[in-house]
Structure formats: C-alpha cells, structure tokens
Amino acid sequence: SCDGIPSQVEVGIPAVPDGQVASASAGGINLPGVILLAPSRYEEVVEFYKKALKEQDGWKWNESLSMFYKGDSVDGALAMTSPSVRISRATDVADGYFLVDKAFRDTVKTAIEIHYKPLLAAAASPGGRG
C-alpha cells in the first residue's frame with residue numbers, strides 16, 4: 001500500500017479487478033473507507049460483489065440503496081459504523097479524484113465506496129500463543 005492507502009489484506013474486502021483507489025480515509029468515529037473507481041459497468045460491479053461477498057459470511061444486499069452491508073440492519077452501514085460496499089454509477093464524479101490519472105478517469109463508469117473494520121490491527125495485537 002502507498003502512504004494512507006490500506007492494503008487489501010487490511011481492508012478484507014476484495015477490490016473489483018479493474019478498480020483503482022481514488023481516495024482513502026482513516027476513519028475516526030466512522031469506519032475507515034476507500035473509494036475505488038472502475039471502468040466496468042455498474043451491473044458488472046454489482047455481480048462481482050454478489051459473488052465475492054457471500055450471504056453466509058453475513059453480507060446482505062439492499063437494492064434500493066445499491067449497498068452491501070454486514071450486520072442485522074442497514075442502519076450501521078448508513079452511519080458508517082459497520083462494514084459496507086456502496087456501488088454507484090459514476091458520471092462526472094471521477095473528475096474529482098486525482099489519485100488516478102486523467103486517462104483512467106475518462107473511462108470510469110462505476111464508483112465503489114468501501115467502509116471496513118481494519119484486519120491488520122486484530123492480527124497485530126499481542127495475545128497468547130497457546
């Protein structure tokens with residue numbers, strides 16, 4: 001990962017294969033987040049995440065919000081306090097992201113906003129080795 005950009009291991013949620021990181025936030029009160037931009041069509045990105053985020057792992061899809069969320073209610077995802085993946089059609093939104101080059105921004109069709117519970121913190125915490 002680059003400065004301020006978490007690794008996929010830390011995020012624990014897969015990135016759509018043709019996606020590029022457009023921004024990252026460290027969180028605070030809310031969970032940390034990453035925004036990906038992708039040239040894939042919205043429908044293709046939704047299908048990718050339907051396969052990648054399994055219902056048996058606690059993920060659910062809310063069609064009206066275009067959001068995958070983890071937990072019993074979508075409320076935590078909306079408050080950015082539980083893991084979520086929100087997918088939206090990107091029209092001119094890509095122009096605001098400067099971590100990706102202009103040529104790529106011109107191809108963007110979809111934005112993916114991921115909020116996650118960092119996995120490295122749990123793996124790095126000291127504990128008994130049994």
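The values are calculated or read from the model by the stated rules, or taken from the named source; none is laboratory data. Bear in mind the structure is a predicted one, so any value in this text is a computation, not a measurement. In this analysis, Cβ positions are derived from the backbone assuming ideal geometry, glycine residues included, and neighbour counts consider all displayed protein chains. Areas reflect the complete protein model, heavy atoms only, side chains present, ligands, DNA and RNA absent. Shrake-Rupley method; radii C 1.70, N 1.55, O 1.52, S 1.80 Å.
Quick notes on this structure:
- Sorting 65-75, 15-25 by average packing, meaning the other beta carbons within 10 Å per residue, from highest down gives 15-25, 65-75.
- Heavy-atom accessible surface of the range 1-59: percent carbon and sulfur, 1.4 Å: 52
- Stretch gain in nm, segment ARG41-ARG89, where the contour uses 0.36 nm per residue and the Cα spacing is subtracted: 16.5 nm
- THR107-VAL9 pseudo-label distance in nm [points 7 Å out on the Cα-to-Cβ vector]: 2.8
- Packing order of peptides 27-39, 49-61, highest average first: 27-39, 49-61 (average count of other Cβ atoms within 10 Å over each peptide's residues).
- The residues neighbouring PRO39, those whose beta-carbon lies less than 12 Å from its own, together hold a net charge of 0 under the Lys/Arg +1, Asp/Glu -1 convention.
- Distance in nm between pseudo-label sites at ALA26 and LEU65 (7 Å out along the Cβ direction from Cα): 2.7
- Violating pairs (Cα-Cα greater than 22 angstrom) within the set LYS70/LYS109; LYS50/LYS109; LYS50/LYS117; LYS50/LYS70; LYS54/LYS102: LYS70/LYS109; LYS54/LYS102
- The stretch between LYS54 and SER73 holds 5.2 nm of extra length on full extension. This uses 0.36 nm per residue minus the Cα-Cα distance.
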